[in-house]
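J.: I am attaching a structure below and will ask some questions about it afterwards.
The values are calculated or read from the model by the stated rules, or taken from the named source; none is laboratory data. Treat the numbers as computed from the prediction; the structure is a model and nothing was measured. We place every Cβ from the backbone using ideal geometry, glycine too, and count neighbours over all the protein chains shown. What goes into the accessible areas is simple: the full protein's heavy atoms, side chains included, and nothing from ligands, DNA or RNA. Shrake-Rupley method; radii C 1.70, N 1.55, O 1.52, S 1.80 Å.
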Amino acid sequence: MSTPKILILGAGYGGLLTTLQLQKKLNYNEAEVTLVNKHNYHYITTWLHEPAAGTASADHARVDLDRIINKEKVNFVKGTVKSIQSEEQTVTLESGEILDYDYLVIGLGSEPETFGIEGLKEYAFSIRSINAVRNIREHIQYMFSKFKQEPDRTDYVTFVVGGAGFTGIEFCGELGDRLPELCEEFDVDPSKVKVYCIEAAPTALPGFDPELVSYAMDVLGKKGIEFKIATPIKQCTPDGVLLATGEEIKAKTVVWAAGVRGNSIVEQAGFEVMRGRVKVDEYLRAPGHENVFVVGDCALIFNEEGRPYPPTAQIAVQEGETLGGNLVAIIRGEVTHKFTPHLQGTLASLGKGEGIGQVGSKKLFGSTAAMMKKASDLRYLYKIGGVGLALKKVKL
C-alpha cells in the first residue's frame, strides 16, 4: 500500500496549524506531507496594521518557516498556486510544476472585497501581505517628503481609510501614533495632516458592543482621526474618493480595509462558493469532495442561528488544529471529530497601550485590553514556535 499524500496549500493560520499538527502527531513515513506557500515565511495577519503605519518593521510580523517546520517530516515547496484540478487530484503551480494528492487542504487566504466600487482595485492600497504593508509605509513617508516640497498640496498629507471594522480601526490607531513622528521628521505642521475613517455601516466596528465602540472612537478622535459613519465610498480615483453624499475628499493615499473574500483560485476550481468561500461540512470538507478540506478565509461556517462566523485568526487556528488531528485519524482508520468553533473573546488594539475587548460578558478597555491582546499573541507564538519565538517577537 502506497504512502498517502497530504497536500496543504498556504501557510496562513489554518494551513500552518494543520501542518504543525501533522508534523507533531504523524510518525516518520506514515504520510507524505507537502506544504506549498508563496513565501518561505508565515506572517501574522493581525499585526500587519503596525508595519503598514510604520510603528513596527515588516520583519516583525514574519516568522520564517525554516524555524518551525521540520523538513524531515514536511516537504516545503515555495511556489504560487495557479489552479486546482479536483477531478485529477492535482494542483498546478505557476512554475508549471504539478503536484498530486490523496488529501488536499486549501488554506489560500483571502482577497480584498471591493463590493464593486469603481477604482478601488486600481488606486487603493490594501493591508494584506508583508509586501503590501511595506508599500503603504514607504508611500506614506514619500507623501510627507513631497508635501515638504509642495506645501500647498494638502492632498499629499490627507489619508483615507476605507472601513471602520477591526483592520481599519487598528490601522487608524497605529497611524495616529505614527503621524506626529512623521510631522517632526519632515517638519510638517500637524494641523495640515488629515485622516478620515469612512464606514458605510451605521456604526464603527459593526456588531461590537456600543460602549466599546464609543470608547474606541473617542481614543482615535483624540489622535486626530475623523470618522464618517453611514457614508459609503462611491468611487476611488487617483485624486482621492467620492462619497455617496456627493462629497469628494482629495487624498493621494487611500487604504482599503473594508472586507475580504475567499481566494479566487478556489472559485475557479469549481467548488461551490459564496463570495469565494466554500460552505464546508462539520468536518471542514468541501461539498461533494471527501478528500478536500478547506480552512481559514476560504472556509464558510455557519453558527446555530444560521449566520456565518467571521473569518478570524482564532477560528482558523482552531480549524487547523482540528483538521490536523482528523487527517491523522483518517490515515490510521480512527474516529474523526466534528469542528466546533470556541470563541475565546475579541480584542482590538487602538495604538500604543490602548485597546478594547470582550471576553465573555466582560468588557475590557485601555491598557487592560492591550495587555490581554499581547497575552493572546504570546499564546499563538508559543503554540507555533515555543518559548524562543514568543520572547523574540512580542513587543512588551
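J.: Nothing charged except the Cβ atoms of Lys and Arg (+1) and of Asp and Glu (-1): what's the magnitude of the dipole of the range 185-304 about its Cα centre? Round to the nearest 20 debye.
T.: Magnitude of the dipole: close to 340 debye.
J.: Sticking with this one: For every helix of n ≥ 4 consecutive DSSP H residues, a contribution of -39,500 (n - 2.57) applies; sum these over the chain, divide by its total residues, and give [θ] at 222 nm rounded to the nearest 500 deg cm²/dmol.
T.: -10500 deg cm²/dmol
J.: So how strong a dipole does the chain carry about its Cα centre when Lys and Arg Cβ are +1 and Asp and Glu Cβ are -1, to the nearest 20 debye?
T.: Roughly 840 debye, rounded to the nearest 20.
J.: Return one whole number: the accessible area per residue of the chain in Å², for a 1.4 Å probe.
T.: It amounts to 47 Å² per residue over the chain.
J.: Please name which of Ser264, Gly385, Phe339 has its Cα lying farthest along the dipole of the chain towards the positive end, using unit charges on Cβ (Lys, Arg +1; Asp, Glu -1) and the Cα centre as origin.
T.: Gly385
J.: Using the charge dipole of the range 76-128 (Lys, Arg: +1 at Cβ; Asp, Glu: -1 at Cβ; taken about the Cα centre), state which of Leu104, Ile84, Gly116 has its Cα farthest towards the positive end.
T.: The residue sitting most towards the positive pole is Gly116.
J.: In the chain, carbon and sulfur make up what percent of the accessible area (probe 1.4 Å)?
T.: 48
J.: Could you tell me whether the range 125-256 comes out rounded, prolate or oblate from its Cα gyration tensor? Rule is a ≥ b ≥ c as square roots of the eigenvalues, rounded for a/c under 1.5, then prolate if a/b exceeds b/c, otherwise oblate.
T.: Since a/c reaches 1.5 and a/b is larger than b/c, the shape of the range 125-256 is classed as prolate.
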